[in-house]
Amino acid sequence: MSELATFIQLGFRHIVDIGAMDHILFLLALAAIYRFRDWRSTLWVVTAFTVGHSITLALAVTGVLTISPALVEFLIPLTIMITAVENIIVRDRGGALWNGRYRPVFAGVFGLVHGAGFASYLESLFVDRVALPLFGFNVGIELGQIVVLLAAFTALYGIDRAIAWLRLPPSAPAPLRLRVLAVSSLVAVVAARWAVERAPW
């Protein structure tokens, strides 16, 4: 196997592994408000997240940026919790700030934090060259994110079908809103617990 393929595989495994549950949970929080037909909006958000974590990953593994691993491990669940709470609070995306188009910026900023988390793992694998391992690892992460998002949308579709099957009264919130509330509340609780457990003080 070539060096590039090795690092692609490492990046892919790093994002889909059960040990990367915090990154998986963040992707679920990002996807929770969307449906398959919203793929353009989802693409913008995930691309922004990718750009964010790619920047920090590159800066951290080349030694330009040094961040405390303990602080990063605390900030990652904090970004997940904030995303989930934002899902719950913002009911009308069209009436929100910038007509709801702030979300890619939101994801990009939080991507900076997650990139630092990826970097702490990748730094230990470098021998001398940086560019090829960095590129390969990043490609692997993106492929892993695609798999995670496809699984997330499949699960979210299943939740939508289950809600529709319940045949709730007309006075109940819309099925999408119920899904957002249920998924985001669960994600927020898990992330809050992780944040407390990882608090650096």
Applying the selection to the stretch 50-89, what residues are more than 18 Å from A20 (Cα to Cα), modelled with pLDDT of 90 or more and either out of contact with any helix residue (DSSP H, G or I) (no Cβ under 7 Å at 6 or more places or on another chain) or assigned to a loop (DSSP other than H, G, I, E, B) (or both)? I82, E86, I89
Checklist (1) farther than 16 Å from V51 by Cβ; (2) at pLDDT below 90 applied to F106, failing item: (1)
Selection from the stretch 1-49 of residues part of a loop (DSSP other than H, G, I, E, B) and closer than 20 Å to A174 by Cβ yields A32, I33, Y34, R35
Answer yes or no: is there a residue in the stretch 41-58 that is without any contact (Cβ under 8 Å) to a residue 24 or more places away in the chain, loosely packed, with under 15 Cβ neighbours inside 10 Å and under 14 Å from the mean Cα position of the chain (by Cα). yes
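Conditions tested, residue by residue: (1) among the acidic types (D, E); (2) part of a helix (DSSP H, G or I); (3) at pLDDT below 90.
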| site | (1), (2), (3) |
| --- | --- |
| Y157 | no, yes, no |
| W165 | no, yes, yes |
| L168 | no, no, yes |
| S184 | no, yes, no |
| A188 | no, yes, no |
| A192 | no, yes, no |
| A195 | no, yes, no |
Considering residues of the stretch 103-155 that are part of a loop (DSSP other than H, G, I, E, B) and touching a residue at least 12 places away in the same chain (Cβ under 8 Å) only, the residue surrounded by the most Cβ atoms within 10 Å (Cβ to Cβ): V130
Which condition number in (1) at pLDDT 85 or above; (2) among the aliphatic types (A, V, I, L, M); (3) closer than 20 Å to R177 by Cα is the one that L143 fails? (3)
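The values are calculated or read from the model by the stated rules, or taken from the named source; none is laboratory data. Note that the structure is predicted; figures quoted are calculated from it, not measured. For neighbour counting, all protein chains shown are included, and Cβ atoms are generated from backbone atoms with ideal geometry for every residue, glycine included.
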